[in-house]
Amino acid sequence: MGKPVEPPPEDETERVDLKSALEERYLAYALSTIMHRALPDARDGLKPVHRRILHAMRLLRLDPGQVHKKCARIVGDVIGKFHPHGDQSVYDALVRLAQDFAQRYPLVDGQGNFGNIDGDNAAAYRYTEARMTEVARLLLDGLDEDAVDFRETYNGEDEEPMVLPAAFPNLLANGSQGIAVGMATSIPPHNAAELCDAALYLIQHPETSSEQLMTFVQGPDFPTGGVVVETRASMVETYRTGRGAFRTRARWHVEDQGRGAWLAVVTEIPYMVSKGRLIEKIAELLNERKLPLVADLRDESAEDIRIVIEPRARNVDANLMMESLFRLSELEARIPMNMNVLTGGLVPRVLGLAEALRAWLDHRREVLLRRSRYRLGQIEKRLEILAGLLIVYLDLDRVIKIIREEDEPKIELMKAFELTEIQANAILDTRLRALRKLEEMQLKTEFDALTREKGQIEELLGSEPVQWKLIKHDIREVKKLFGPDTVIGKRRTDFADMPDTTDIDLTQAMVEREPITVVISKKGWIRALKGHVQDLSNLSFKGDDTLHAAFFAETTSKLLLMATNGRVFTLEASKLPGGRGFGDPVRLMIELEESAEIVAAFPYRPGLKLLVATSEGRGFVVSSDEVVANTRKGKQVLNVEAPATAMLAIPAEGDHVATIGQNRKLLCFPLSEVAEMTRGKGVKLQRYKDGGLADAKVFKLEDGLTWLDTSNRTWTVTQADLLEWLGHRAEAGRLPPKGFPRSNRFGG
């Protein structure tokens, strides 16, 4: 081991507060991520890496009409000159710009394997070639004409544009995805022709709201098509605020196979869903028997997507089968919208539709003004030279004489003809053959034409209406290129209302209906045995655990569990563990307090009335529909105060209630005397000096009161014999008839 490094002397060390040092460094990292990596610019819709790729391709002269060049060459230029990051990340960004299933309007025209919708990767960059598309050309149009600001590259050797001129509404047309620090962006793609229409309207009526612009921009237009099933109201809110989501479904149709047989065929899947992963997921669901209506699934895709879904039987409802698939698989996806972009290239903000289009239009005007001023400067330079040449043509012989005889011809020319240095240099650079008479005519024509153009540009710079007129002309040209009648411009995504599935019980459609026996142990372990098992004597339990409750149900049932704290929980029977082991603790499935135990469990039956009661003999009647809970926390039904606990929930089928106390007093009274509530402490069912309620039962008086004794024999006391126990709610009752079990329970 080497000698330990000595710390520097005390007076040379700098004490830094760790908190502020961390904050400062983390803030620097966060800002760099937000500005230079994750968020697109509102003006050209690009992140720095994409801008650099396009700029490098332009310098390599990879215009739409040129031959393709190797992607390795492009990636090399990008990381060498502009983007000092990993080559793979740059190539991945380049590949995405070329994928027609990822980009609505690809910016790169790729040759070779650029990946596919199945989720396969592109070939390595030494095998693939690329050039720009017409869309990329539009984004770069005017870059040479001082349309935008440039900044130094990372090493100061070169320059790169801070934003592109963007003659195409790229931010909304191609969308963007990105995760920065503490903020993210997600913009779905839209139809360029619709965006152009909206922009033209916005120029005419600058105060237009996002909702009004939705007359033109109906909603997203995904490269992979699909059907948006979001409500109009929800979409209006999303475009107004810039935040929301679009529910998108796969496009499918029924193919008739003759003789009543049919297949469902999916031809378009939601945006950003990998087909390979989608098929795998559906196949898994099939294996887990979660799609009882589906028999088989085949991927018959070639160039186009074709996923064939075979129904279990001919009489299966196609819509119901697809609905179960939409619920469980990525055939339905929520595509988020969070239009968080850099406005002015600096400030992250969430924009609505109108603001995003306005940002693009204002940028277009800025580009127009800058290009016009640049052109004006060029014209003025050329006019100066032409003016000098035209002066000289009036006396060519004298010019030739000066050039032949003078030592300093430039100075002499400037003196003789009152020329500027630029004009004198232009004359000296003129070729001999340009001294023909014809040349003079051409110079005059050019001078007149440039003077006219100068007047037009000056008029343009001085009048805002003229500027907007020109911008409108440019936008109309873009719309022609990407109009609804062109192959790339035609809308691919449709809109539809959500099918009405309120009357369909989807849980039944997604789970095969099979009989089961639910078993709950004293310690709260639950399992589901297949079939209706009558004899449970062979069941094994963990350690000293024993059977608490068992009942018959079906895999499609909902189960209701009541705990001692008065809460009722709901479980899906289809999600219970199988009967091979000991099952699972019920506490894993519901949020049950440590001190609470399960006291009652039964299958949910719609419309069934329940009698719930506490150990102190209070209770009420509640509809089972009121106690179904949608969360793990359950629903508070009985309000209990310690030491009392909730102790029973039994079906209230009958007209009388029989209660027996721990003091072995039996009381029967009409069910109508018990209040019906949805939640509360309940009313007193039976009065006790000490102790509490042991058991209760609801029965029909005309059938008499029955119970099971210890030998499992049924005893019945007829209506006539029950007279001395019949009374009213909250009375004390009297000792039960002969043969009543010592356990003080009715059994059965």
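None of the figures in this text is laboratory data; all of them are computed from the coordinates on show. Here the structure is a predicted model, which means the values were calculated and not measured. Glycine also receives a Cβ, built like all others from the backbone with ideal geometry; neighbour counts cover every protein chain displayed.
What angle do you read, to the nearest 10 degrees and between 0 and 90, between the alpha-carbon axis of helix 318-328 and the longest principal axis of the chain? In the chain, helix 318-328 runs at an angle near 80 degrees to the longest axis. Mean separation of Cα pairs under 8 Å and 6 or more residues apart, divided by the residue count, gives the chain a relative contact order of 9 percent. For the range 102-208, the list of GluC sites (Glu not before Pro) that fall in a loop by DSSP and count at most 16 other C-beta atoms within 10 angstrom reads E157, E207. Annotation: amide H of N191 within the under-5 Å range of D221, sequence separation 5 or more or interchain, hydrogens built in the peptide plane. For the range 595-748, the relative contact order is 24 percent, taking Cα pairs closer than 8 Å that sit 6 or more residues apart in sequence and dividing their mean separation by the residue count. Taking amide hydrogens as placed 1.01 Å from N in the peptide plane, the amide H of D695 sits under 5 Å from those of I660, each at least 5 positions away in sequence or on another chain.
Hey, how many Å between the Cα centroid of the range 137-169 and the Cα centroid of the range 41-99? Here the answer is 13 Å between Cα centres. The Cα trace of the range 612-730 gives Rg and Dmax of 14.9, 47 Å, the first to one decimal, the second as a whole number. The sum of -39500 (n - 2.57) across all DSSP H runs of n ≥ 4, divided by the residue count of the chain, sets its helix-only mean residue ellipticity at 222 nm to -9500 deg cm²/dmol. Computing Rg and the Kirkwood Rh from the Cα coordinates of the chain gives a ratio, Rg/Rh, of 1.21.
For the range 204-299, applying the loop criterion from DSSP together with a ceiling of 14 other beta carbons within 10 Å to the trypsin sites (Lys or Arg not before Pro) yields R259, R289. Placing dummy labels 7 Å off each Cα toward the beta-carbon, the span from K401 to E418 is 2.0 nm. Applying 1/(1 + (r/R0)^6) with r as the Cβ-Cβ distance of A233 and Y393 and R0 = 60 angstrom yields a FRET efficiency of 0.25. The Rg/Rh ratio for the range 46-165 is 0.95, where Rg is the radius of gyration of the alpha carbons and Rh is the Kirkwood radius. For K401, the lysines whose Cα comes closer than 20 Å to its Cα, not counting residues fewer than 8 places off in the same chain, are K410, K415, K437. Structural descriptor for the range 46-165: relative contact order 28 percent, calculated from alpha carbon pairs under 8 angstrom and at least 6 residues apart. With the convex hull of the Cα atoms taken as the outline of the range 513-604, the averaged projected area works out to 5.5 nm². Would you give the gap between the C-alpha center of the range 173-218 and the C-alpha center of the range 606-664, rounded to a whole Å? Spelled out, the Cα-based centre of one part sits 56 Å from the other. Seen from a random direction on average, the alpha-carbon convex hull of the range 60-106 projects onto 3.7 square nanometres. Note on K479, K530, K454: ascending count of other Cβ atoms within 10 Å places them as K530, K454, K479, the fewest first.
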